[in-house]
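Asker: Starting off with a structure, shown below.
The values are calculated or read from the model by the stated rules, or taken from the named source; none is laboratory data. Nothing here was measured: the structure is a model prediction, and the numbers come from that model. Here the Cβ is made from the backbone with ideal geometry for all residues, glycine too, and neighbour counts use every protein chain on show.
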Amino acid sequence: MALKFKLVMRKNLGEDHESIPEKVYAQMVYGDLVTFDEFAEEVADSSGVGSASVKAVLDRMNVVLVRHLQHGRRVSVGELGLFRFCFGSSGVPDEKTFSTNLIREPKVRFYPGKALRVAKSRTSFEKTALPNEEDAGGNGSDSESPDEIYEAFDGSINCCDPALNERDHTSLQRILD
């Protein structure tokens, strides 16, 4: 199935911005949000385990992932892909003037596994609106507002749980394999 997009006029930030102040760009139009419960139920239906077990594993996976990322590790989640933190800093003339408050907040980088990379490479696109049509009511388009992205989640991130034991790790690995 094709990814849907609409065309929007935006300020031109390129070198030709003086001669062409605005350009037409594609903007993705998203479908409905698949909630965590819906996702877990679908995984459960196709895996032979109950949705409560799927939810428990995914919740625990989040805890373990955060812990390892906070220790500077890269985390491979099998076919799903690889997660890692990355960060940058402001520059200073020499080491003596550098302090940790110059380091920017880390970002989570995700590198998709093979199945996601193949799916991405086979993507097709379908235009859904004319360039002069306005978005009446926010039909799922991506504003990339951090507040809107955060609202899609419940905001509860469990982290730094020191109680990870070998049984938990083995159970998670067996499910991910």
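Asker: Looking at region 99-116, can you tell me whether even one residue there is modelled with pLDDT under 95 and at positive phi?
Answerer: Scanning region 99-116, I find no residue that is modelled with pLDDT under 95 and at positive phi, so the answer is no.
Asker: Within region 69-87, how many residues are under 24 Å from R117 (Cα atoms) and not in a loop (DSSP other than H, G, I, E, B)?
Answerer: Adding up the residues that qualify gives 9.
Asker: Could you grab the pairs with beta carbons closer than 7 Å, sequence gap of 6+ or different chains, first residue in region 67-86 and farther than 25 Å from I103 by Cα, second one modelled with pLDDT of 95 or more and in a strand (DSSP E or B)?
Answerer: Short answer, once both residue conditions are applied: S76/L82; V77/F83; G81/F110; G81/Y111; G81/P112.
Asker: Here's another thing I want to ask about it. Give me the pairs, please: first residue somewhere in region 5-23 and touching a residue at least 40 places away in the same chain (Cβ under 8 Å) and under 23 Å from F125 (Cα atoms), second residue anywhere and of a type in the set (D, E, K, R) and part of a strand (DSSP E or B), beta-carbon distance under 8 Å, and either six or more positions apart or on two chains.
Answerer: These pairs meet every condition: F5/E126; F5/K127; K6/K127; L7/K127; M9/E22; M9/K23.
Asker: What is the residue count in region 1-21 for residues that are surrounded by 11 or more Cβ atoms within 10 Å (Cβ to Cβ) and acidic (D, E)?
Answerer: 0
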